[in-house]
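First the structure, in the form of structure tokens, and then the observations on it.
Computed from the coordinates by the stated procedures, all read-outs in this text should not be read as laboratory data. Keep in mind the model is a prediction, meaning the values are calculated, not measured. So basically every Cβ, Gly included, is an ideal-geometry build from the backbone, and we count neighbours across all protein chains shown.
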Amino acid sequence: MSDTAIKAEHLSKLYTIGASAGQQTFRETLAAGVKAPLRRMRSALRGGGSVAATKEFWALRDISFDIKRGDVVGIVGRNGAGKSTLLKILSRITGPTGGFAEIHGRVGTLLEVGTGFHPELTGRENMYLNGAILGMSRAEINRKFDEIVAFAEVEQFIDTMVKHYSSGMYLRLAFAVAAHLDPEILIVDEVLAVGDAQFQRKCLGKMGEVARQGRTVLFVSHNMGAVRSLCSRAIWLHDGAVRMDAGTYEVVEKYLQQTLAPSSEQIDLRDVERPGDFGTRLKITGVRFNHGEPMLHGERVLVDFEYETGAEVFGVAFGVGFSSLEGTRLMTLDSDLEAPRYDLPRNSRGVVTATLDRLMLQPGVYSLDIGARSGDGNALDYTPTCAQVEVLPGPSTPNMIIDLAGGVRVPALWAWPQDSVTERA
């Protein structure tokens, strides 16, 4: 048997924007046919009319690649690059305009919350329905039933119609069904971003388990840490075409270098609401990381604080706090830990720069608290949870320590038994 799981040859997909043909229900099509003569008659009586303008949009253009059995491949690219369209073609949800795709094996897909679920059926009934769609027998589903329900954490709601589920419950059950019913190819879109951090880790762990079993995984995500931790290969789509197809780290690095705008790490704080009277005597107007370049774990980071004063201030210190998205503070940079405090005159502007030789935050997304205080310890300015920034894997980041929950990885002095080890450079 061939070791190819997915083969795409010159895949293209054309959409006609503004046209409704092919997007109507049978009832809507019949109604439109009845109304059309009346519309034409009214238009003739008015002396003619205009036809809605349409234009063509190529979501995919001449895509070709091979994916081997057991490969775990990430699909990266900006919004509108064609990622979801590609997965829909591979999942047989829509057909290509040109080219073809061969799929060898049973496919489990999760392209959006509750894909393939019927809202009027219960969770239990939808599990059997989805299993049947995937080609599973009732006996096979029975064998996996308890495991799926436990993973989804919806035991008490399994006999409730899914239209009453929250989006999180929908997602957990949909993913559990797609991942546990032994698909030979698992296709997952950015839908995992809907879940909370704990569920994301759980799903990534399950996809890793599926991959270790020799099955094929196609994973679309904007979370580069997740792509790098899970995938050995990545395909970068840009404007519907393959820009790059190579090892994950190489693709992710090039993608971030070429797609992040120079201002992507520039945070404008001029119009951010402050609690109380913060920002009246001194206002931090903006913060910039690495002159707009990405922040990489284990690498040097520069933080520029732009400020302006409305009064004379004494003994000023600046700071930025990095917290998890759940609100736990993980790291704080304060200028008064290493540098002296300074007095600033009224109506002055300037930039204070902090340099961190090595960023110990692990890859992940962090929430920022930014502020300044005076010599007496009172806050001059404070903007809590004013922005989010992403720390990306660096050249020295081992795959095994990437954790979506973030955290801090720090060096220490280690003592090894000198009589039984050999030091390596």
Along segment 342-354, Karplus-curve 3J(HN,Hα) (6.51, -1.76, 1.60; θ = phi - 60°) to the nearest Hz, with x for Gly and Pro, reads 10, 8, 10, x, 5, 6, 10, 9, x, 10, 10, 10, 9
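Going down the table (Lys13/Lys55; Lys13/Lys83; Lys55/Lys83; Lys88/Lys254; Lys13/Lys88), which pairs top 19 Å between alpha carbons? Walk me through the intermediate numbers first.
Details: Lys13/Lys55 14 Å; Lys13/Lys83 12 Å; Lys55/Lys83 21 Å; Lys88/Lys254 26 Å; Lys13/Lys88 11 Å.
Checking Cα-Cα distances, Lys55/Lys83; Lys88/Lys254 exceed 19 Å.
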At q = 0.09, 0.20 Å⁻¹, the log10 of I(q)/I(0) for segment 266-401 from a Debye sum over equal Cα scatterers comes to -0.27, -1.20
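Please state the shape class of segment 352-397: rounded when a/c is under 1.5, otherwise prolate if a/b exceeds b/c and oblate if not, all from the C-alpha gyration tensor.
Working: a/c = 3.81, a/b = 1.89, b/c = 2.02.
Oblate, because a/c is 1.5 or more while a/b does not exceed b/c.
In debye, nearest 20, what is the charge dipole magnitude of segment 266-401 about its Cα centre with +1 on Lys and Arg Cβ and -1 on Asp and Glu Cβ, if you could check? Please list the in-between numbers first.
On the way: 12 positive and 20 negative charges, 13 e Å.
Once rounded to the nearest 20, the dipole reads 60 debye.
Rounded to the nearest 20 Debye, what is the dipole magnitude of segment 208-351 about its Cα centre when Lys and Arg each give +1 and Asp and Glu each give -1 at the C-beta?
Working: 16 positive and 21 negative charges, 75 e Å.
So the magnitude is around 360 debye.
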Long-range amide H partners of Ile93, meaning residues 5 or more apart or on another chain whose placed amide H is closer than 5 Å, are none
For segment 266-401, averaging the sequence separation of alpha carbon pairs under 8 Å that lie six or more residues apart and dividing by its residue count, the contact order in percent is 31
Residues whose modelled amide H sits under 5 Å from the amide H of Gly407, counting only those 5 or more places away in sequence or on another chain, are Gln362
